[in-house]
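Read the structure below first, then the notes.
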Amino acid sequence: MHTRRIGEVEVSAIGLGGMPMSIEGRPDESRSLATLHAALDAGVTLIDTADAYHRDAGEVGHNESLIAKALSTHERGGDVLVATKGGHLRPGDGSWTLDGRPEYLKRACEASLRRLGVEAIGLYQFHRPDPRVPYAESVGALRDLLDEGKIRMAGISNADPEQIRQAQEILGGRLVSVQNQFSPAFRSSEPELELCDELGVAFLPWSPFGGISKAGELGSAYAPFARVAQAHGVSAHQVCLAWMLAKSPVVVPIPGASRPESVQDSVRAADLELSAEEIAELDAA
């Protein structure tokens, strides 16, 4: 497995997004554990989660607990950087709400620490800006958690360029990651990706295939991805991830999965080399 860096930590060039294993339509636990173990077997050393990745009201942190169980039952579990997030909530009715208050984020971090069973969270990210709370106050909570040793690294998610620069300043240059939506269908995060490249901050594209419900339509919706995939004898999903990796060395995609086969397909993208002509064709798709 090729590697990239998040802060001072070396991680697999392809990570794993845990959300599909905990929200609506999730598989049973045995298949989820098999999926997580398949990722570890394939050399994945970055797993993305959040306390809000759950389905029902009484199971906050379902995905964090699932990941902790998978890591504790695999010989390579200790080699993984777990990236979790706080500040986004799911009441249990399918909706999403926000709470960016510093006091809430600190409580959420403590709860994530307990579920993950660690003394310090490897990477903790502010999940989404809360318009009711000054951004500086929310990011200030991450700074405090860093200073207290509760988290080893800090990142932000769903941020714009101004917020990235602000977070970098508030954290005293210690911002290590930005996790934004980015896919063939959603390219408006290009400015954030370019800024991360300039700053040397990892850019983690979420929903790289366009979302759980549309992931299977990638090849049919974007013909160039299907054409390049056919030329290489691989899936359109592999082409999509390889295209993202080619954009910048700071990009570390985190495709979600709920089946071992999906993980095994995604990780092969790290070995797929696209030509300049193919990249230009995909950029224009």
*Within the stretch 128-146, count every residue that is touching a Leu at 6+ places or on another chain (Cβ under 9 Å), open to solvent by 10 Å² or more (accessible area, probe 1.4 Å) and either closer than 13 Å to K85 by Cβ or part of a loop (DSSP other than H, G, I, E, B) (or both).*
5
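Yes/no per residue for (1) buried (at least 21 other Cβ atoms within 10 Å of the Cβ); (2) over 26 Å from H88 (Cβ atoms); (3) of a type in the set (G, A, S):
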{"position": "G173", "(1), (2), (3)": "no, no, yes"}
{"position": "F182", "(1), (2), (3)": "yes, no, no"}
{"position": "S188", "(1), (2), (3)": "no, no, yes"}
{"position": "F203", "(1), (2), (3)": "yes, no, no"}
{"position": "W243", "(1), (2), (3)": "yes, yes, no"}
{"position": "A246", "(1), (2), (3)": "no, yes, yes"}
{"position": "P249", "(1), (2), (3)": "no, yes, no"}
{"position": "Q264", "(1), (2), (3)": "no, yes, no"}
*asked:* I'm checking my understanding of the structure. Among residues of the stretch 147-171 that are β-branched (V, I, T) and within 18 Å of the chain's Cα centre (by Cα), which one is surrounded by the fewest Cβ atoms within 10 Å (Cβ to Cβ)?
replied: I164
*asked:* Against the condition in contact (Cβ under 8 Å) with a residue 40 or more places away in the chain, open to solvent by 40 Å² or more (accessible area, probe 1.4 Å), part of a helix (DSSP H, G or I) and among the acidic types (D, E), how does E110 come out, does it pass?
replied: yes
*Within the stretch 57-89, track down each residue that is in contact with a Lys or Arg (Cβ under 9 Å, 6 or more places away or on another chain), in a loop (DSSP other than H, G, I, E, B) and not β-branched (V, I, T).*
A57, G61, G87
*Which number in (1) in contact with a helix residue (DSSP H, G or I) (Cβ under 9 Å, 6 or more places away or on another chain); (2) open to solvent by 10 Å² or more (accessible area, probe 1.4 Å); (3) among the charged types (D, E, K, R) marks the one condition that K85 misses?*
(2)
_Which numbered condition L46 fails, given (1) surrounded by 14 or more Cβ atoms within 10 Å (Cβ to Cβ); (2) farther than 17 Å from L116 by Cα; (3) in contact (Cβ under 8 Å) with a residue 60 or more places away in the chain_ = (2)
*Filtered residue count, the stretch 1-41, keeping only those that are crowded, with 19+ Cβ neighbours inside 10 Å, within 27 Å of G200 (Cα to Cα) and either aliphatic (A, V, I, L, M) or over 16 Å from the mean Cα position of the chain (by Cα) (or both)*: 8
*Applying the selection to the stretch 159-179, what residues are in a helix (DSSP H, G or I) and aliphatic (A, V, I, L, M)?*
I164, A167, I170
_So, E281, is that one over 29 Å from L33 (Cβ atoms), in contact with a helix residue (DSSP H, G or I) (Cβ under 6 Å, 6 or more places away or on another chain) and modelled with pLDDT of 95 or more or not?_
yes
*What helices (runs of 4 or more DSSP H), lying completely within the stretch 183-285, carry at least 1 residues that are of a type in the set (G, A, S)?*
218-221, 223-232, 236-247, 260-267, 276-283
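The values are calculated or read from the model by the stated rules, or taken from the named source; none is laboratory data. Not measured: the values here are computed from a predicted model. So basically every Cβ, Gly included, is an ideal-geometry build from the backbone, and we count neighbours across all protein chains shown. The accessibility values were calculated without ligands, DNA or RNA, using every heavy atom of the protein model including side chains. Shrake-Rupley method; radii C 1.70, N 1.55, O 1.52, S 1.80 Å.
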